[in-house]
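Student: Before I ask anything, here is the structure I am working with.
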Amino acid sequence: MRIRLMVFIAAISLAMVFPSAVLAGTKYKKEYKMSVVVGPKLPWGAGATRFAELVREGTDGRINIKVYTSSSLMAGKQTNEFLIHRQGVADFCFASTINWSTTIKPLNLFNLPFFFPDYKALDAVTQGEVGKELEAMIQAKGVTVLGWGENGFREITNSRRSIKVPKDLEGLKIRVVGTPIFIETMKAMGANPVNMNWGDAQVAFQQGVVDGQENPVVAIEIPVKIWQFHQYATIWRYVIDPLMLTVNNKVMAGFTPEDQEVIRQAAVKATEEQRAVVRKGLIAPDLSALDTLRRNGMEVVELDRATRDQFKAKTKDVYKKWIPVIGTDLVNKARTIVEASR
């Protein structure tokens, strides 16, 4: 009896001194699942792995996050990611605003063509009032945004000719993301958009069935060695692809306040590091990423603001259709912030 009493007193003392450890031992899952649609070697996937490491270290192993890459939790259907996340199939996500924009329409803000001129404008939006408004919308649907990462500005490459003015794009078959606004934007600029998965696209490039594609330089084009398929690259920053590091609301509520703070800080650190990797070599004076393309035989064209505006002028109907879908007030707020950042 005395031994039982001593054990009970010891347990009470442990709970008072280490409440997180006791709670974790009784309520935490052995493994939390994190969804990422790309492979582990790309900066996007590596950012998710870094977050999981920081959380494990910061909680002394109480929270173990396993990263499921290449859309494995959703059977390859990237646009289903938000649904499985809200349902709790995925506890955490490092997700693209593009993939979630089919479900959360205001995220199409980042898909508006030529809306964001540079990283400064993007950061002003995601880290400011508009970012907080988007985070609140997402949280109301069952998911908390912990930090903003990045897949990068989507630049265009092709095997046919250099794209310097809108006329150069006309008639080219360009592989694009299947999101409606991407298809409509390419059509508005005179291209022939083709929606297919990346594996099929690479075969189509080799066979000459598809002429080009649009993707971020550091995040996709350099890792897959796009120069194997295409000779021409145009840096036009027509669309930006922010990433969101997120957690299911109910999952987050199951952690102690101390561990919740560890998770938040890990997300901030991991997304800051990930953004830096994706932007490396793309901000003057360091343009080494573009030099990498050139060293591998690509002709690289960098468009100035006036030329970008020529392409943007072609997409007026896209803006007319999508601004009401996104939310006129939200777009106007973002536009004001972007203009102020110039």
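Student: What is the calculated FRET efficiency for Asp60 to Arg305, with r their C-beta to C-beta distance and R₀ = 51 Å, to the nearest 0.05? Walk me through the numbers on the way to the answer.
Tutor: Details: r = 51 Å, r/R0 = 0.99.
The formula returns an efficiency of 0.50 here.
Student: Right, here's the next one. Note the full-extension length gain between Glu53 and Ser72 as 0.36 nm times their separation in residues minus their Cα-Cα distance, in nm to one decimal. Don't jump to the answer; show the numbers that get you there.
Tutor: Numbers: separation 19, 0.36 × 19 = 6.84 nm, distance 2.01 nm.
Difference between extended and current length: 4.8 nm.
Student: Any aspartates and glutamates with Cα under 18 Å of the Lys132 Cα? List them, leaving off those in the same chain fewer than 8 positions away.
Tutor: Cross-link targets: Asp123, Glu150, Asp241, Glu272, Asp329.
Student: What does the helix-only formula give at 222 nm for the chain: each DSSP H stretch with n ≥ 4 adding -39500 (n - 2.57), the total divided by the residues, and the result rounded to the nearest 500 deg cm²/dmol?
Tutor: On the way: 16 runs with 165 residues, N = 342.
Result for the chain, helices only: -14500 deg cm²/dmol.
Student: What share of the DSSP beta bridges in the chain is antiparallel, in percent to the nearest 5?
Tutor: Numbers: 24 of 40 bridges.
If I count the DSSP bridges inside the chain, around 60 percent turn out antiparallel.
Student: Which label belongs to the value computed from this structure, given these candidates for volume of the Cα convex hull per residue in Å³: [x] 139; [y] 156; [z] 117?
Tutor: Computing volume of the Cα convex hull per residue in Å³ and matching it to [x] 139; [y] 156; [z] 117 gives [x].
Student: Say the cut-off is 31 Å between C-alpha atoms; which of Lys41/Lys120; Lys66/Lys280; Lys33/Lys321; Lys120/Lys321; Lys33/Lys280; Lys33/Lys312 go over it?
Tutor: Working: Lys41/Lys120 27 Å; Lys66/Lys280 27 Å; Lys33/Lys321 37 Å; Lys120/Lys321 27 Å; Lys33/Lys280 29 Å; Lys33/Lys312 40 Å.
Lys33/Lys321; Lys33/Lys312, as the Cα separations exceed 31 Å there.
Read-outs: derived from the displayed coordinates by stated rules, not from any lab. What you see is a predicted model; the values in this text were computed from it and never measured. With ideal geometry, Cβ positions are generated from the backbone for all residues, glycine too; neighbour counts draw on all protein chains shown.
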